[in-house]
Amino acid sequence: MRYSLLSTGCLLLVLLGQTPDSLRAQSYQTPPKPLADLVTVSPTPAVSVSGKGDYLLILERAANPTIAELSQPELKLAGLRMNPATNGLSRTIFLTGLRLKKLPAGQEVVFSGLPTPAQLGNVQWSPDETKIAFTNTTDSRIELYVADLATATARRVGDLALNGVLGTPFHWVSDSQSFIVKAIPVSRGAAPAMNRVPQGPTTQENVGGQRGQAPTYQDLLKNPSDEQQFVYFAISQVMRVGLDGLARPMGQAGLVMTAIPSPDGRFVMTETAHTPFSYLVPVRRFPTRTDVFSIDGTLVKTLADIPLQESVPYSPDGAPTGPRNYTWRDDVPASVYYTEAQDKGDPKVKADIRDKVYLIDAPFTAQPKEIYAASSRFRGFEWGDGNTALANEYWWQSRKVITKVVNPTNWQATTLFDRSNEDRYGDPGDPDMKHNQFGRPVLNLLPNNEVMMVNALGASPKGDQPFVSVLNLATRQSRMLWRSGGAGPSSPGADATVFERPITVLDAAKGLVLTTRETPDENPNYFIRTLAPKGKKAGLVRRSDGSAVVLTQITTFPHPYPQLKGIQKQQLRYKRADGVELSATLYLPAGYKKEQGPLPTFLWAYPAEFKDKEAAGQVSGSPYQFNRINYWGAAAFVTMGYAILDNASIPIVGEGDKEPNDTYVEQLVSSAKAAIDEGVRLGVVDSTKVGVGGHSYGAFMTANLLSNSNLFRAGIARSGAYNRTLTPFGFQNEQRSYWQAPDIYNKMSPFMNADKMKTPLLLVHGEADNNTGTFPIQSERYYNALKGFGATTKLVLLPYESHGYTAKESLLHMLWEMNGWLDAYVKNPKPTAQGQAPAKVGGGK
């Protein structure tokens, strides 16, 4: 017997030793230090500003989790991913600390009383802005905390365990003394055991020819055992909780998706999902009941009970049938408005009016009143002072955005904007908002029916130049107050070499705006900029000594990677063969000079569809922005000696009755060729050593470029979809189904053209990808097809990772794989097994 055991052990060792390298598990690897440093650097804090503009809250962000943290137990149910130990969503990146700064020049104060270790989230200012509330997630529960601004002290509120599975677990009541929370019912008991033995087959049936063209959702319910698990972990009890921790239940426990108090705090509106559940769509499409309770817990009115929505048309313009989106009106004490489609939610149905909006006031006994009719899909109101509101509409097929000024006293509406959302140059920005007496965001209306508009992008023919303007809602006339880069008519202190972005208006009357300022070598920090009050010379806000105050620095966040200072950046502008204007950001290594000769190059892009050629050619980006050399895109590889063509524009245009994807491949190749040609013209790109890469739809682009051109030496495709027959009812912005356009689907699918691949391709995918359409099987089957035709390829599956990768070990290994692939096939290319010669620009295979 001893002989047999030894023989078996030896046999196992022999068999393990014979495992092909292509199948063997690999340990995590670390890339060269310049790349690894980008993963391990401490994150720059985020900030939140009080509505009054007098406090800045500095939010310390956690570093990337470890793979051990990412591999904790996780349930995937009803389109959600949840942590069964905490009753919160899994894969959450927490805050680790809070600091407070009195504006403009107060000292930073660290809150005392924070839990240790701190895993904070859901930070909310109280309506009176004297406190903040937040959650802390322990190993076993989610707890509610409150912090007082005057004393900078924090404490736990009560002893309730909150439920964060179905969204935000608490909201302030307008009295700033209490909360509406979703708590785990005390009587919930133990979790049901997962039933490994089925009671029978799982069946789905469609009777009567009803159409239901659903996207390829992931993490759905699959069987009755899943349903039991979902109900157990998603159930919550709505409660009103005071600052003293005393709690009063409201209604019955259920699958409460939202529980939001009315602006005046007298009512609470809840949305509760219920059976029958679906195995085709996520929880947001389940049957949902909308109720209004009084603050003491008495049911006042059931506003609606919406049935299961499995047949919503698969289109950005599609909408559910029946009432949807019940929402409190922010500018009055207690009124609810909702939307109802007039075209059955189907964009293919011809209709002059697509949506109608209805209003019902407390005590919710009258019939709802129609207040607005939208010719496109209604997107919501921005409420003002009871006399003014802005209504927003959108229609994807025409790319049209409509904004109307509405008078809530008679519901008359006049058009303010009717524009294409593709026209970035014409974007007026977003209106300045303030908090009203209920603590709700409303339009910050100035005298003469004016409002300040903040555009944090500010696209222009010269590149991005963010601005602040004033818009008259009656005359529709706008005047520029300030613009980054000195482009505006009144831009005091706007250095042409500094990129400054307005974040929020702190005080409209005083012209105080919170901005960030940055240069290619200096990371963003926050400043208070003084704009010119109306009728005064720009910038003349004076100190006591008479000197002008234009800028006050608020934060001094350190440079995240000072070792990378000196990297060169240039904004490129060029045309492709059909005349469409294109742009890209060129990065060159620190100290590089053209006399050294052209460099191996890495191009990174993400295609975008357009209906207008001129809009497709609009400039994006700015050469004056900080060099964000992070680990995610291609820019990191400038540290490895490559020229980087980053965010190279790849517009796919279909004007008039033509669809963009009708000529997808041709436009794709032409755009990439134009970018390489421009780099060659500048003398910095070696056209025989160019690699291409992208993530998600950029990965799809990469595989198509390698299959349909000989522009590149190698490619890197991360988390892509390569077989479009697996997304048969549309993908990205393609609205036609496979059966309507089979030739387009087949031509655009790299899987269908695997026999054309002669260029080395690295495939990377998260094993737990839950993005619609990008199942890991997309990369697995594509790899098998490429291998079957003898292509040079490699598939890397990252354990526990979703569509975006987060674990430190995963990111380091991703960079190691990418760097090795570029080094082997772009920087130091060798003939492949197919005998591939160095690539030449131009021409398809």
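The values are calculated or read from the model by the stated rules, or taken from the named source; none is laboratory data. What you see is a predicted model; the values in this text were computed from it and never measured. Positions of Cβ are backbone-derived with ideal geometry, glycine not excepted, and every protein chain shown enters the neighbour counts. For the accessible areas, the whole protein counts, side chains as well, though only heavy atoms, and no ligand, DNA or RNA atoms are used. Shrake-Rupley method; radii C 1.70, N 1.55, O 1.52, S 1.80 Å.
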Item to check | Signed unit charges on C-beta, dipole axis of the range 718-781, positive-most listed residue GLN778, PRO728, ILE744 | outcome: ILE744
Item to check | When the range 676-788 is reduced to its Cα atoms, the Kirkwood hydrodynamic radius in Å | outcome: 14.6
Next on the checklist: To the nearest 20 Debye, how big is the dipole of the chain about its Cα centre, given +1 on the beta carbon of each Lys and Arg and -1 on that of each Asp and Glu?
Outcome noted: 1260
Item to check | Near-label residues of the range 622-666 by backbone N, under 20 Å of a point 7 Å along Cα→Cβ of ASP578 | outcome: 648-666
Checklist outcome for this item: Taking the chain and counting helices only, DSSP H stretches of n ≥ 4 at -39,500 (n - 2.57) each over all residues, the nearest-500 ellipticity at 222 nm comes to -4000 deg cm²/dmol
Item to check | the range 173-325 - Debye-derived log10 I(q)/I(0), Cα point model, q = 0.11, 0.13, 0.19, 0.20 Å⁻¹ | outcome: -0.55, -0.74, -1.20, -1.25
Next on the checklist: Can you give the log10 of the normalised intensity I(q)/I(0) at q = 0.17, 0.18, 0.21, 0.22 Å⁻¹, computed with Debye over equal Cα scatterers of the range 360-470?
Outcome noted: -0.95, -1.04, -1.28, -1.34
Checklist entry - Mind checking which aspartates and glutamates have their C-alpha under 15 Å from LYS301, skipping anything on the same chain fewer than 8 residues away? => result GLU271, ASP291, ASP361
Item to check | Gain in span if fully extended, LYS594 to ASN448, counting 0.36 nm per residue against the direct Cα distance | outcome: 46.9 nm
Checklist outcome for this item: Restricting to lysines and to Cα separations under 23 Å from LYS593, and discarding same-chain partners fewer than 8 apart, the set is LYS565, LYS569, LYS689, LYS827
Checklist entry - Residues with beta-carbon under 11 Å from that of ILE744, excluding ILE744: net charge, scoring Lys, Arg +1 and Asp, Glu -1? => result -1
Checklist entry - How far, in nm, would the chain grow between SER27 and THR138 when pulled straight, counting 0.36 nm per residue and subtracting the alpha carbon separation? => result 36.9 nm
Item to check | Kirkwood-based Rg to Rh ratio, the range 595-681, C-alpha trace | outcome: 1.03
Checklist entry - Summing Lys, Arg as +1 and Asp, Glu as -1, what charge do residues with Cβ under 14 Å from the Cβ of ALA259 carry, ALA259 excluded? => result +2
Checklist entry - Residues with beta-carbon under 9 Å from that of LEU443, excluding LEU443: net charge, scoring Lys, Arg +1 and Asp, Glu -1? => result -3
Checklist entry - If only Cα atoms are counted, what is the Rg of the range 706-747, and what is its Dmax, in Å? => result 12.6, 35
Checklist entry - Along the three principal axes, how long is the chain when you take its alpha carbons, biggest first, rounded to the nearest angstrom? => result 81, 77, 60
Item to check | Non-local Lys pairs in the range 735-795, i.e. 8 or more apart or on different chains, that have alpha carbons under 14 Å apart | outcome: 4
Item to check | Accessible surface of the range 434-475 [probe 1.4 Å, protein heavy atoms]: carbon and sulfur percent | outcome: 56
Checklist outcome for this item: Carbon/sulfur accessible area of the range 682-795, % of total, 1.4 Å probe, equals 49
Checklist outcome for this item: The FRET efficiency for LEU280 and ARG196, from their Cβ-Cβ distance with R0 = 22 Å and rounded to 0.05, is 0.40
Item to check | Label point at ASP430 placed 7 Å out along Cα→Cβ; residues across the range 498-530 whose backbone nitrogen lies under 19 Å | outcome: 500-508, 512-517, 525-529
Item to check | Three-way shape label, the range 435-526, alpha-carbon gyration tensor, a/c 1.5 | outcome: oblate
